[in-house]
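As structure tokens, the structure follows; a few thoughts come after it.
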Amino acid sequence: MDWKRYEPQDFFDELVTPAGNPRLPAKRLISYLGSLSEDEVESRRQMAEATIQEMGVSFTVYTEEGNIDRAWPFDIIPRTISAKQWAKTAAGLKQRLKALNLFIDDLYHDQKIIKDGIVPEHLVTNSKNFRPECVGVSPPFGVWAHICGTDLVRDSDGEFYVLEDNLRVPSGVSYMLENRAITKRVLPELFENDRILPVDDYCSNLFDTLVSLSPRKVKKPVVVVLTPGIFNSAYFEHAFLAQQMGVELVEGSDLVVNDDDCVYMRTISGLERVDVIYRRIDDLFLDPEVFRKDSVLGVPGLMRAWQKGNVGLANAPGAGVADDKVVYAYVPDIIRYYLNEEPIIPNVKTFLCEDPEQREYVLENLDKLVVKPANESGGYGMLVGPHSTKKDQAAFAKLIKENPRNYIAQPTLALSTAPTMVEKNALEPRHLDLRPFILQGEDIYVTTGGLTRVAMRKGSLVVNSSQGGGSKDTWIVETGEA
Amino acid sequence: MLSKVAERLYWTARYIERVENTARLVSVYDKLLFDLPKDINIGWYNLVVLNSATELFEDRYKVQDERNVVKFMLADDTNPSSMLTALKMVRENIRTSRDVVPAETWELINEVYLYAKNNIQLGINRSRRHDYLSEVIKGCQMLSGLLYGTMSHDAGWQFMKLGRDLERADMTTRILDAGAFGLLQANGDASVNLRQIVWGNVLRSASAYMSYRRTLKGAVYGPDVANFMLEDPHFPRAFQFCLMQMDVAAAKLPKNDAVRKVIKAIKPEPRLAEEDTDLGQPFRDYLNDLQVQLGELHEAIAATWFPVP
């Protein structure tokens, strides 16, 4: 494979310096790939494709014609980060989640942060994700968001920035683990010599985190994964995690809350008590007695059981209140307020459309900014200014004026790139981001790296798999730097 | 173990068995028809009859020829028992029980399913049908072997055994019925030679030929074949053997009284057939009766352990 033909553009490239030399953590990778013939590289790529088919790694895309199960799009060239840089990033991620959990707990109790004037009150009163049903509830360790997926991007200065925190039901971790499994099969030689840190302790850490939430102090609490079912786009992941943890994968209809306000599952020997539920369904579908009456995915009485402390729910209902792009803008202040520390990882500059001055600026610069709704995920309902038409911009101007609180805007980032195989033996830079996963229960843990998502279309900044994004294995490489 | 998971494992095993049996049947029929004299009126359509699928077939096809029958048996997605449909059901059930089966099961079923689906034309055309069906049968056997060797033989395993042996017992009665029906169609004037060909193929459809020869130490004789396939206590596809295995599996599960009672009530009549003439219409009715009883057994299993619908 000929690296001389690869031309990084004016962005920060993850593997190659502007002069075209390999960065330190990518050194062995690049020289090894450089030693392979074009045919060999192509055969490795095909091997990866076949492996994905056989492993059945797939995700579901919702379309008008129905749901399509697509093979997971994967690029064989890993993305590398030095262990030294990662250690700092990991510390920043822990700091952030600790602060966010203190914030959520405060919002559902005394709301000191509002009384002290750090964040405005409407942040709570207007939030779609604030749940009055959760006020006064005290989950174990004061932790509400146990599993967090934080999206990081690298700007042209080479620094990581937080793009958003996903505190509801973040997905993608199984793909991170499968990406590594695929790479080990496809490029086994590299694992012999390079010091690539392993990623596979995630599932045991997840299990320990969940166990720490058990209300019964028994030796082996019963943990389950609650899925909306086979038609959910992340079903693959739900099954994967249940299997890796050795716990039952249940649907709402498998669970029942009895008169004693405890949760049970229907087994072949009758009802069995459940201690902790890792739920992968949204708040509003959790319990038809409290939230959406028409939900068939949830379990009637589940909120009752949780409020009484008879079952652990991860993430706790109501945790999403901090997963809001307006709250995001305040996170640096939230960190300073609760932890009395400076944020280790900076935020991306964010304009709040509710503020008249900032709104003015946004409306005047729609062609340069990225506009996002406060409460959507999956990259839906966004305006990417530089790639938009005048008509798109006019439509968004109208939306913003109608409901300013619902929108934020950020400068278009010069997202970093990495060499990606766009066709047989053709390497081109493609933009990417990184989603590490952070766990908090009794202890706190960060994945080694995370899920790297790639915008496969040339010039595109949209990395979501539902919109044509792909992914890469992420290597945290021990480089021996002090 | 979750009731829902128990149900899925039970069906996983039933469908694996169904895929293998269907592939085996088509493969044996291929050879049987080559051996028959031209004027004998046994055709491909028998396969449809023995699967109790005549109505479904008539809805889809006009001509009862080899191509249509093989297509119907192997590929048709409107036929819930076609090989590909059953294989798809295996995949769906494993996909939704991935948390309880060994991780490799999911990879293997994908491999088998992709092969069967992508090469289905090889199965429909005659020239490479044998190779194609052998591959599918091998795939099923690999799946069974993988599960046997790496899955905990806990409650989940007992449900797989129940599903597998129930499907197997049912298929055994259908294979016998195919033999009896075929010879009845020959209008009673079947020669000794023809009877031997047909009953020999009945044995081969169940991979029972060698075991039969070794156990009986005699020629292929219709009544002996029928008794062997129904009563032999050692051959894994014999009806009685399957029932015994189901009883052993049920005994290891909680709340098993009702199910074991139903199993014990199903008893093939000892030495049912003595003469060729004993294998006529009453014999077919009797086999049909056994199938109905297996249906009742399934109901009892579902009522005891599976989720309330």
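Each reported figure results from applying straightforward, stated rules to the coordinates on display, with no laboratory input. Just so it is clear, the model here is predicted, and its values are computed rather than measured. Ideal geometry is used to build each Cβ from the backbone, glycine not excepted, and the neighbour counts take in all protein chains shown.
Taking the Cα centre of chain B as origin and assigning +1 to Lys and Arg Cβ atoms and -1 to Asp and Glu Cβ atoms, the resulting dipole is close to 760 debye. Quick check: the distance between the Cα centres of segment A:151-177 and segment B:94-159, to the nearest angstrom? Centre-to-centre distance over Cα atoms comes out at 38 Å. Can you give the % of DSSP beta bridges in segment A:216-310 that are antiparallel, to the nearest 5? Antiparallel bridges: around 50 percent, rounded to the nearest 5.
Scan segment B:168-242 for trypsin sites (Lys or Arg not before Pro) in coil per DSSP, keeping those whose Cβ has at most 10 other Cβ atoms within 10 Å, and list them by number. It would help to have the intermediate numbers written out before the result.
On the way: sites: B:168, B:174, B:195, B:204, B:213, B:214, B:217, B:237; in loops: B:217, B:237.
Within segment B:168-242, the qualifying trypsin sites (Lys or Arg not before Pro) (loop, at most 10 other Cβ atoms within 10 Å) are B:217.
Are there any trypsin sites (Lys or Arg not before Pro) in segment A:255-352 that are in a DSSP loop and have at most 14 other Cβ atoms within 10 Å? List them by number. Write out the running numbers ahead of the final one.
Working: sites: A:266, A:273, A:279, A:280, A:292, A:293, A:304, A:308, A:325, A:336, A:349; in loops: A:280, A:292, A:293, A:308, A:349.
In loop regions of segment A:255-352 (DSSP not H, G, I, E or B), the sparsely surrounded trypsin sites (Lys or Arg not before Pro) are A:293, A:308, A:349.
Name the aspartates and glutamates eligible as straight-distance cross-link partners of residue A:390: C-alpha to C-alpha under 15 Å, and not fewer than 8 places from it in the same chain. Excluding near neighbours in sequence, the set is A:364, A:367. Working value for segment A:216-310: equivalent-ellipsoid semi-axes of 19, 18, 11 Å, each the square root of 5 times a Cα gyration tensor eigenvalue, largest first.
The GluC sites (Glu not before Pro) of segment A:138-205 meeting both criteria, a DSSP state outside H, G, I, E and B (loop) and at most 16 other C-beta atoms within 10 angstrom of the site's C-beta, are A:159.
Would you give the gap between the C-alpha center of segment A:93-130 and the C-alpha center of segment A:1-38, rounded to a whole Å? If we compute the Cα centre of each part, the gap is 44 Å.
Kindly provide log₁₀ I(q)/I(0) values, in the same order as q = 0.11, 0.12, 0.20, 0.24 Å⁻¹, from the Debye equation applied to equal alpha-carbon scatterers of segment A:351-411. Treating every Cα as an identical point scatterer, log10 I(q)/I(0) equals -0.18, -0.22, -0.64, -0.94. Here the spin labels are modelled as points 7 Å beyond Cα on the Cα-Cβ line, and at residue A:428 and residue A:197 they lie 3.4 nm apart.
The P(r) of segment B:20-110 has a tail past 24 Å containing 33 percent of all C-alpha pairs. Among A:245, A:265, A:295, whose Cα sits farthest toward the positive end of the charge dipole of segment A:216-310 (+1 at Cβ of Lys/Arg, -1 at Cβ of Asp/Glu, about the Cα centre)? Toward the positive end, the furthest listed residue is A:245.
Rounded to the nearest angstrom and listed largest first, the equivalent-ellipsoid semi-axes of the protein assembly as shown from its Cα gyration tensor are 58, 32, 23. Compared with the direct C-alpha span, the chain from residue A:220 to residue A:292 gains 22.6 nm at full extension, assuming 0.36 nm per residue. Of all beta bridges that DSSP places with both ends in chain A, some 75 percent have antiparallel geometry. With point charges of +1 on the Cβ of Lys and Arg and -1 on the Cβ of Asp and Glu, referenced to the Cα centre of segment A:351-411, which listed residue (A:381, A:351, A:404) lies farthest in the positive direction of the dipole? The Cα lying farthest towards the positive end belongs to A:381. Each of A:139, A:369, A:188 was placed along the dipole of the protein assembly as shown (beta-carbon charges, centred on the mean Cα), and the one lying farthest toward the positive end is A:188.
Given A:217/A:325; A:184/A:424; A:4/A:391; B:31/B:217; A:220/B:138; A:220/A:293, which pairs have Cα atoms separated by over 30 Å? Going by Cα-Cα distance, A:217/A:325; A:4/A:391; A:220/B:138; A:220/A:293 fall outside the 30 Å limit.
Looking at the square roots a ≥ b ≥ c of the eigenvalues of the Cα gyration tensor of chain B, which shape do they give, rounded for a/c under 1.5, prolate if a/b is larger than b/c, or oblate? Oblate is the answer for chain B, as a/c is 1.5 or above yet b/c matches or exceeds a/b. Between segment A:419-476 and segment A:310-333, the C-alpha centres lie 24 angstrom from each other. As a calculated quantity, the FRET efficiency between residue B:285 and residue B:257 at R0 = 45 Å, using C-beta atoms, amounts to about 0.90.
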